[in-house]
Amino acid sequence: DGGITQSPKYLFRKEGQNVTLSCEQNLNHDAMYWYRQDPGQGLRLIYYSQIVNDFQKGDIAEGYSVSREKKESFPLTVTSAQKNPTAFYLCASRGLAGGEGEQFFGPGTRLTVL
Amino acid sequence: DQQVKQNSPSLSVQEGRISILNCDYTNSMFDYFLWYKKYPAEGPTFLISISSIKDKNEDGRFTVFLNKSAKHLSLHIVPSQPGDSAVYFCAASDWGTGGFKTIFGAGTRLFVKA
């Protein structure tokens, strides 16, 4: 089955630690995105990548880093510099050809900083 | 500076009646408008979209209307079913300098009562 997987589903981290969230897709999509959702708020864009080995900062990139070494994978690292990392993190992908921009989302990772 | 606004945090509708979810935007350069549906602890799923050159798009029980002069779009669900109870996100997309980006509203929680 084609889709996007995110792991782990729940993640706990101590303050001051870096943590990496996994995102893998087998949809052969070129573009991948990371969003953060906080209670009562919409999805805010952290980073996005249109092609391999290229990525752009979104609206709230501070304290985060990404890499895009393979088309299928777009891991997100939450660093200790992120002031309020506790949130629900969503990864998405989109094919560049056709469509009206719809994205396919993974199931999300809930990160809690203890 | 919210470019996409959903001013109603929640909406309650009786089963079988029409649900109308509203969305306003500020950027006239958006190319596409999309609606996503989200259940708790899951990623959003794409529901329906509309190009900026159209004013209506219909898919089964779901219809999206776009009023460009008012910078307003709405999602109509007829008839509403209990399974439609979820959070609905309005989104808008365009090709910016960094590539294709999507801006999400804060969401409207729909309750469909049996």
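The values are calculated or read from the model by the stated rules, or taken from the named source; none is laboratory data. Computed from a prediction, not measured in an experiment: that's the story for all the values here. So basically every Cβ, Gly included, is an ideal-geometry build from the backbone, and we count neighbours across all protein chains shown.
Below, the figures for the structure above:
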quantity: Residues satisfying the stated conditions in the range A:46-71, i.e. within 12 Å of chain B (Cβ to nearest Cβ) and of a type in the set (S, T, Y); calculated: A:Y47, A:Y48, A:S49
quantity: Selection within the range A:92-113 - within 20 Å of B:K101 (Cα to Cα), at the interface with another protein chain (Cβ under 8 Å from one of its Cβ atoms) and outside any loop (DSSP other than H, G, I, E, B); calculated: A:A92, A:R94, A:F104, A:F105
quantity: Among (1) within 10 Å of chain B (Cβ to nearest Cβ); (2) within 11 Å of the chain's Cα centre (by Cα) - the single one A:T77 does not satisfy; calculated: (1)
quantity: Residue that is modelled with the lowest pLDDT [pool: residues in the range B:67-95 that are small (G, A, S) and under 18 Å from B:S49 (Cβ atoms)]; calculated: B:S93
quantity: Positions within the range B:77-108 being farther than 21 Å from A:A92 by Cα and assigned to a loop (DSSP other than H, G, I, E, B), in sequence order; calculated: B:V78, B:P79, B:S80, B:Q81, B:S85
quantity: Residues located in the range B:1-19, provided they are hydrophobic (A, V, I, L, M, F, W, C) and surrounded by fewer than 16 Cβ atoms within 10 Å (Cβ to Cβ); calculated: B:I18
quantity: Any hit, the range B:47-67, residues being touching a helix residue (DSSP H, G or I) at 6+ places or on another chain (Cβ under 9 Å), among the β-branched types (V, I, T), away from every other protein chain (no Cβ under 14 Å) and farther than 22 Å from A:I60 by Cα; calculated: no
quantity: Condition met for A:L11 (within 13 Å of the chain's Cα centre (by Cα), away from chain B (no Cβ under 11 Å) and farther than 29 Å from B:L110 by Cβ); calculated: no
quantity: Residue satisfying all of: in the range B:88-114; at the interface with another protein chain (Cβ under 10 Å from one of its Cβ atoms) and among the β-branched types (V, I, T); farthest from A:F55 (Cα to Cα) among these; calculated: B:I103
quantity: The range A:39-98, subset free of Cβ contacts under 8 Å to residues at least 24 places away in the same chain and acidic (D, E), residue nearest to B:W35 (Cα to Cα); calculated: A:D59
quantity: Whichever residue in the range B:42-76 is touching a Leu at 6+ places or on another chain (Cβ under 9 Å) and not in a strand (DSSP E or B) and, among such residues, is surrounded by the fewest Cβ atoms within 10 Å (Cβ to Cβ); calculated: B:D55
quantity: Residues located in the range B:96-109, provided they are over 25 Å from A:P39 (Cα atoms) and either of a type in the set (S, T, N, Q) or in contact with a strand residue (DSSP E or B) (Cβ under 8 Å, 6 or more places away or on another chain) (or both); calculated: B:T97, B:G98, B:G99, B:F100
